[in-house]
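The values are calculated or read from the model by the stated rules, or taken from the named source; none is laboratory data. Values in this document were obtained by computation on a predicted structure and should not be read as measured data. No Cβ is skipped: glycine too gets one built from the backbone with ideal geometry, and neighbour counts run over all protein chains shown. Please note that ligands, DNA and RNA were not included when accessible areas were found on the heavy atoms of the full protein model with its side chains. Shrake-Rupley method; radii C 1.70, N 1.55, O 1.52, S 1.80 Å.
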Amino acid sequence: MRRSSKPGNRVGIIAAISSALSELSCDMIEVSQSVVQNHFTATLAVEFPEKLNREIILDHLNGVCRGFD
């Protein structure tokens, strides 16, 4: 995973989350991101399909985000 020039940030984090949510037919309404004390933070407003359960969402997001550990 390529690192950006800003400590705490890595290129592609929001892209990976956005792709994962799209694969689950979710709609990302709004995104805010920043680096706070060298830690990447993001706040997302997302609409999820009614039939999609929480465990599926978490498993999918955890899978695509493993590369950013």
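Structural remarks
- Close Cβ contacts (under 6 Å, 6 or more residues apart or on different chains) running from residues in region 43-69 that are closer than 20 Å to Val11 by Cβ to residues that are modelled with pLDDT of 90 or more and surrounded by 10 or more Cβ atoms within 10 Å (Cβ to Cβ) comprise Leu44/Val31; Leu61/Ala20; Val64/Ala16; Val64/Ala20.
- Among residues of region 7-38 being in contact with a His (Cβ under 8 Å, 6 or more places away or on another chain) and surrounded by 11 or more Cβ atoms within 10 Å (Cβ to Cβ), the one that is farthest from Arg66 (Cα to Cα) is Leu24.
- Residue selected from region 39-69 under the condition among the aliphatic types (A, V, I, L, M) and in contact with a strand residue (DSSP E or B) (Cβ under 7 Å, 6 or more places away or on another chain), by the criterion most open to solvent (accessible area, probe 1.4 Å): Leu44
- Enumeration of residues in region 40-61 that are in a loop (DSSP other than H, G, I, E, B) and basic (Lys, Arg): Lys51
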